Amino acid sequence: MQIIEVQKLSKEFKGVKAVNEVSFDVAQGEIFGFLGPNGAGKSTTIKMLCTLQKPSSGRAILNGFDVVKEAREVRKSIGLVFQDPSLDDNLTAEENLDFHGRIYGVEGKARRARIDEVLELIELSDRKKNLVKTFSGGMKRRLEIGRGFLHYPKVLFLDEPTVGLDPQTRNAIWEYIHQLKVKEKLTIFLTTHYMDEAENCDRIAIIDKGEIVALATPAELKETLGGDVVRLVTVNNQLAKKELVTKLGIFAQEELGGLVFQVTEGEQFIPRLFKELDSEILTVTLAKPTLDDVFLKITGREIRSDEGAESTTALIQRRRGRRG
Amino acid sequence: MREDLGAIYVIWLREVLKFWRDKSRIITSLIQPAVWLFIMGKGLGSSFRGPGNVGYVEFMFPGVIGMTVLFTSVFSAVSIIWDREFGFLKEILVAPISRSSVVIGKALAGSTTAMLQGSLVLVFAPLVGVQLSIPVILKSLAVMFLLSLALTSCGIAGAARMESFHGFQLIMNFFVMPMYFLSGAVFPVSGLPAWMKLVAVGNPMAYGVDALKQIILGIQEFSLVRDITVILSVTVVAMGIAVLVFKGEG
C-alpha cells in the first residue's frame, strides 16, 4: 500500500520554482530518505506534505487524505520531528509528552500509559520528571523523536534527525529509528545530507534544484557507479598492470604510484587478486562507493558544497585521506 | 469542537503551569506596584490630592492594579515570541488544532496569570487605606480578567508575526507606557488637554482602570456598562486579528 502519493507537486516562491513537478510514492512501512544539498527543495517538499505550506500546483495524498483539502486529517496522521529543537525547556520530559498527547487527542489513561511506553523506548524513563533544560543534545533529540510518534501517527517525518550530534549519538538515533519501523510499524520519511546515513534507508530520492534526479534503493544507486574501487600498489606496477589485463581482464589506471580500477563485489575479488598476481603486492585498499559518489555522478556536484565537479577518484582519495 | 476545547485547555495549562512554577517571578513582579504605591504614590500624595475626597495613594491604587494587569498581559502575549524563538511554536502550529484555539488558549492563559498577579496587589489595600469587601474583591477580579483578556489579545495580535525581541522594546516604549499613563491610572483623564483625552478615549486600558476605580473607590468617568462593552469589543476584534495573522503562516 502507498501511504504517500505525490503527483507533479510544485512550489513557487516569487517566480522561483523551489520544487518543480515532483512525483513519487512512499510505501507503508518503509524508511524513505530524501537526500540533497541545502536549498534543494527538501524542506519545502516536507512542509507541503505536512500541510505547513500550500503547493502551487500538483497533488499529494497522505494516508488517503489530500494535504490541501483534508489538512487536519493529514496532521493527525503524521508525526514531525523538526530540524531545530522544538521542546519546551521549562517543562519536564513527561510534561512535554503530555502536552503533545493532549493536543493530539490521546486521552486520559491511554495517554499516561503511552507516555511511559515511549519513554521506555527512547530510554529516558529515569529522566521522566526532569526539566528538559537539564538534558544533553542527544537526549533532547530522542525526546523529540519520541514525542513525534507518541500519538500513533502513520508517517513520521524526520528533518535532518542527526544534525549536530556526535557520531555515537547519531548511531544510537539510527538504532531507535530502525526499532520504530519494527515496533511501531511506522513509515519513516527523512531528509538528510549525510550520505553515510542515507544508506540506512530502504529507498532514497535524490533531489537537486527542486527536482528528483534519482529514486532507488541505496544498493541500486551504488550499482550505477560500476562497482567498488580497488587501489593496488605492487613492487612492479607495470607488470601488475599487464597481469591484470591478461589474467583477470581488468584495465587499471595508474595513479599516484598505484593502480586503480573498479570491480563488482570487491571483497570476493581481493583473494583472487592475491592468487593470480605474480607481482608482490604491497597494499590493497577497497573503497565501497558511497552515496556521495552517486550524488556527484548524477548532479556533477558534491553534496556539501557547490564547488563544481570533482573526479570520482579525487573524491575517493580525499575521503581516504580524511578517514586514514 | 471537543478537540478544540481540549486544545484550548492544554495551551492554557502549559502557560499557567509555568507561571505557577516560577514563584520568584510572581514575587518580584510585586515590587513594581509596591514602588508605585509607596514611593510615587506617597511622594506625589504629599503635594497632590486625588479628585473629590480621595487621597492620592488611594486614587492610584486601582491604577496600579491596572498596571500590573497590563504588564503581566503584555508579558504573556510576548511568550509567543519566546515560543517562536525556542521552536515550541512549531509544535503548536503543526498540531491538528485550529488557529483560533491557539489564540484563545494563549489569551485565557494570559488573563488567568494577569488576574492572579493583579489580585496579589489587593494585599496592599489596607496599607494604602482602601477598604475591600468580598463583593468588591470578586468584582475587581472579574474586571481584571476581562481587561487582561483584551490586553493579551491585543498583545498576541501584535506579537504573532514578531520574529525577535527588538520589536518588544518598541512596543513597551511606544504603546504600553503611554497606554498606562493615559489610562487615568496616575492622573484623571477628565483634566487633560483635548488631544490627550482623545487618545485616552481610544485606550482600552482607560476603561479597565475606570471600571476598577468605580468598583474599589466609587469614582468614575464612564459608565460601568460602557467600560465592559468597550473591553469586550476590543477583545473580540483583537482576537479576530490575531487568528487572521496566525492563519497567514503555515
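Out of the residues in the range A:76-116 that are modelled with pLDDT under 90 and among the acidic types (Asp, Glu), which is nearest to A:ILE4 (Cα to Cα)?
Selected residue: A:ASP84.
Is one or more of the residues making up the range B:14-31 more than 30 Å from B:ILE104 (Cα to Cα) and either open to solvent by less than 60 Å² (accessible area, probe 1.4 Å) or more than 12 Å from every other protein chain (Cβ to nearest Cβ) (or both)?
Quick first cut of the range B:14-31, residues more than 30 Å from B:ILE104 (Cα to Cα) only: none.
Taking every residue of the range B:14-31 in turn, none turns out to be more than 30 Å from B:ILE104 (Cα to Cα) and either open to solvent by less than 60 Å² (accessible area, probe 1.4 Å) or more than 12 Å from every other protein chain (Cβ to nearest Cβ) (or both).
If you go through the range A:98-132, how many residues are away from every other protein chain (no Cβ under 14 Å), buried (at least 16 other Cβ atoms within 10 Å of the Cβ) and assigned to a loop (DSSP other than H, G, I, E, B)?
2
Looking at the range A:156-187 only, could you name the residues that are at negative phi and of a type in the set (Asp, Glu)?
From the range A:156-187, those at negative phi are A:156-159, A:161-163, A:165-184, A:186-187; that's our starting set.
Passing the criteria: A:ASP159, A:ASP166, A:GLU175, A:GLU184.
Regarding the range A:147-165, can at least one residue be identified that is open to solvent by 50 Å² or more (accessible area, probe 1.4 Å) and polar (S, T, N, Q)?
Taking every residue of the range A:147-165 in turn, none turns out to be open to solvent by 50 Å² or more (accessible area, probe 1.4 Å) and polar (S, T, N, Q).
With the condition kept exactly as written, say whether any residue in the range B:212-225 is of a type in the set (D, E, K, R), open to solvent by less than 40 Å² (accessible area, probe 1.4 Å) and either more than 29 Å from B:SER100 (Cα to Cα) or modelled with pLDDT of 90 or more (or both). So that I can check it myself, show each step before the final result.
Our first condition is that a residue be of a type in the set (D, E, K, R); within the range B:212-225, this holds for B:213, B:221.
Imposing the further condition that a residue be open to solvent by less than 40 Å² (accessible area, probe 1.4 Å) reduces the set to B:213.
Of the ones still in play, those that are also either more than 29 Å from B:SER100 (Cα to Cα) or modelled with pLDDT of 90 or more (or both) are B:213.
Within the range B:212-225, one or more residues are of a type in the set (D, E, K, R), open to solvent by less than 40 Å² (accessible area, probe 1.4 Å) and either more than 29 Å from B:SER100 (Cα to Cα) or modelled with pLDDT of 90 or more (or both).
Could you count how many residues in the range A:44-74 are at the interface with another protein chain (Cβ under 9 Å from one of its Cβ atoms), touching a residue at least 12 places away in the same chain (Cβ under 8 Å), open to solvent by 20 Å² or more (accessible area, probe 1.4 Å) and closer than 27 Å to A:ARG170 by Cα?
Of the residues in that region, 0 qualify.
Do we have any residue at all in the range B:106-115 that's free of Cβ contacts under 8 Å to residues at least 12 places away in the same chain, more than 14 Å from chain A (Cβ to nearest Cβ) and open to solvent by 10 Å² or more (accessible area, probe 1.4 Å)?
Checked the range B:106-115: no residue is free of Cβ contacts under 8 Å to residues at least 12 places away in the same chain, more than 14 Å from chain A (Cβ to nearest Cβ) and open to solvent by 10 Å² or more (accessible area, probe 1.4 Å).
Return the residues of the range A:84-96 that are of a type outside the set (Gly, Ala, Ser) and more than 20 Å from B:ILE80 (Cα to Cα); say none if nothing qualifies.
Kept after step one, since they are of a type outside the set (Gly, Ala, Ser), are these residues of the range A:84-96: A:84-85, A:87-92, A:94-96.
The one that is of a type outside the set (Gly, Ala, Ser) and more than 20 Å from B:ILE80 (Cα to Cα): A:GLU94.
Which ones in the range A:178-199 are surrounded by 19 or more Cβ atoms within 10 Å (Cβ to Cβ) and modelled with pLDDT of 85 or more?
Once the filter is applied, which keeps residues that are surrounded by 19 or more Cβ atoms within 10 Å (Cβ to Cβ) and modelled with pLDDT of 85 or more, the range A:178-199 yields A:LEU186, A:THR187, A:ILE188, A:PHE189, A:LEU190, A:THR191.
Out of the residues in the range A:75-97 that are out of contact with any helix residue (DSSP H, G or I) (no Cβ under 7 Å at 6 or more places or on another chain) and closer than 25 Å to A:LYS42 by Cβ, which is surrounded by the fewest Cβ atoms within 10 Å (Cβ to Cβ)?
A:ASP84
For the range A:252-261, check the following and say yes or no: at least one residue is in a loop (DSSP other than H, G, I, E, B), under 30 Å from A:GLN83 (Cα atoms) and out of contact with any Lys or Arg (no Cβ under 6 Å at 6 or more places or on another chain). Don't jump to the end; show me each part of the working.
Residues of the range A:252-261 that are in a loop (DSSP other than H, G, I, E, B), as a first pass: A:252, A:256-257.
From what's left, under 30 Å from A:GLN83 (Cα atoms): none.
Within the range A:252-261, none of the residues are in a loop (DSSP other than H, G, I, E, B), under 30 Å from A:GLN83 (Cα atoms) and out of contact with any Lys or Arg (no Cβ under 6 Å at 6 or more places or on another chain).
The values are calculated or read from the model by the stated rules, or taken from the named source; none is laboratory data. Please read these numbers as outputs of a predicted model, since none were measured by experiment. Counting neighbours? That spans all protein chains shown, and the Cβs are built from the backbone with ideal geometry, glycine included. The area values use the complete protein model at the heavy-atom level, side chains included, leaving out ligands, DNA and RNA. Shrake-Rupley method; radii C 1.70, N 1.55, O 1.52, S 1.80 Å.
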